[in-house]
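Engineer: Sharing a structure with you now.
The values are calculated or read from the model by the stated rules, or taken from the named source; none is laboratory data. A quick note: this is a predicted structure, and the numbers were derived from the prediction, not measured. Cβ atoms come from the backbone with ideal geometry, glycine included; neighbour counts cover every protein chain shown.
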Amino acid sequence: MHIPARFNGPPGSGNGGWSAGAFAVAAGAGTGGAPFQVTLRVPPPLDTELTRSGGTVLAPDGTLVAEVEAGGDAGEPVPPVPVERARAAATAFPGFTAHPFPTCYVCGPERPDGLRLFPGGLPDGRTAAPWSVPADVTVETMWAALDCPGGWSALHDGRTYLLGRITAAVDAVPPPGASCVVVGRLDAMVGRKATTSSTVYSADGTPLATARGTWIAPAPLP
């Protein structure tokens, strides 16, 4: 099991959502709504052969990369918005002018081969982004799509956050080329920890996947 380099988040490490999805799929996650919870203990390494042992994912040197378990609470779907409203919100995506990881596979404006999910803010604090589903869509792709729209809902305070834990449930994978909407919401912020929710919707408003995420702002350097 390994994370191909194209699925990066921060430079040199895997996108949290895609990596967590890959670990969950290896542990038995799929479609049908059954949630899985993945806790990332270190930034997932790219192009490295990882080993799953029970509920743990280990690097070659024995470093604990992630913990995976079936179950958990993926939360209720974040209320949807129409595709047109998501498109309008995306034009004001703050990452167009200041992005901590502009080559992120999911939300990086410098990734023409990425998911091109650019979540902009709504008046009530949620984020929304239109999404054109890629040809190679998988369950892992759905986990990735649930990642950044939630994270950007926490970035209004100017700090950078990294995904620490995600619990996701995927009801269905949309067909390639489908038009979808992804919405995110900040649920709580305490100290350096933020908790978020996110949902992928089909164009007709059917929820396809939902997740709850826990994000950690790295401690400032002394």
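Engineer: So Val68 clears everything in (1) among the aliphatic types (A, V, I, L, M); (2) closer than 21 Å to Thr195 by Cβ; (3) in a loop (DSSP other than H, G, I, E, B) except one condition, right? Which one?
Structural biologist: (3)
Engineer: Return the only residue of Gly151, Gly205, Gly177, Gly158 being modelled with pLDDT under 95, over 18 Å from Phe36 (Cα atoms), surrounded by fewer than 19 Cβ atoms within 10 Å (Cβ to Cβ) and not aromatic (Phe, Trp, Tyr).
Structural biologist: Result of the check over Gly151, Gly205, Gly177, Gly158: Gly158.
Engineer: Next question, about the same structure. Could you list, in sequence order, all residues of the stretch 71-92 that are part of a loop (DSSP other than H, G, I, E, B) and of a type in the set (A, V, I, L, M, F, W, C)?
Structural biologist: Across the stretch 71-92, the qualifying residues are Ala74, Val78, Val81, Ala92.
Engineer: I would also like to ask the following. Taking the condition over 27 Å from Pro175 (Cα atoms) and either part of a loop (DSSP other than H, G, I, E, B) or modelled with pLDDT of 95 or more (or both), does Phe101 pass?
Structural biologist: So Phe101 passes the test.
Engineer: Can you tell me which residue in the stretch 112-125 is farthest from Ala86 (Cα to Cα), limited to those that are surrounded by fewer than 24 Cβ atoms within 10 Å (Cβ to Cβ) and either touching a strand residue (DSSP E or B) at 6+ places or on another chain (Cβ under 9 Å) or touching a residue at least 40 places away in the same chain (Cβ under 8 Å) (or both)?
Structural biologist: Once the filter is applied, the top-ranked residue is Asp113.
Engineer: Return only the number of the condition from (1) closer than 18 Å to Asp73 by Cβ; (2) in contact with a Gly (Cβ under 6 Å, 6 or more places away or on another chain) that Asp187 does not satisfy.
Structural biologist: Of (1) closer than 18 Å to Asp73 by Cβ; (2) in contact with a Gly (Cβ under 6 Å, 6 or more places away or on another chain), only one is false for Asp187: (2).
Engineer: Checking the condition within 18 Å of Ala209 (Cα to Cα), modelled with pLDDT of 95 or more and of a type outside the set (Ser, Thr, Tyr), which residue from Leu146, Leu64, Leu122 passes?
Structural biologist: Matching residue, one of Leu146, Leu64, Leu122: Leu146.
Engineer: Having 2 or more residues that are among the aliphatic types (A, V, I, L, M), touching a Lys or Arg at 6+ places or on another chain (Cβ under 9 Å) and under 14 Å from Ser153 (Cβ atoms) is the bar; report the strands (runs of 3 or more DSSP E) wholly within the stretch 165-222 that clear it.
Structural biologist: 179-190
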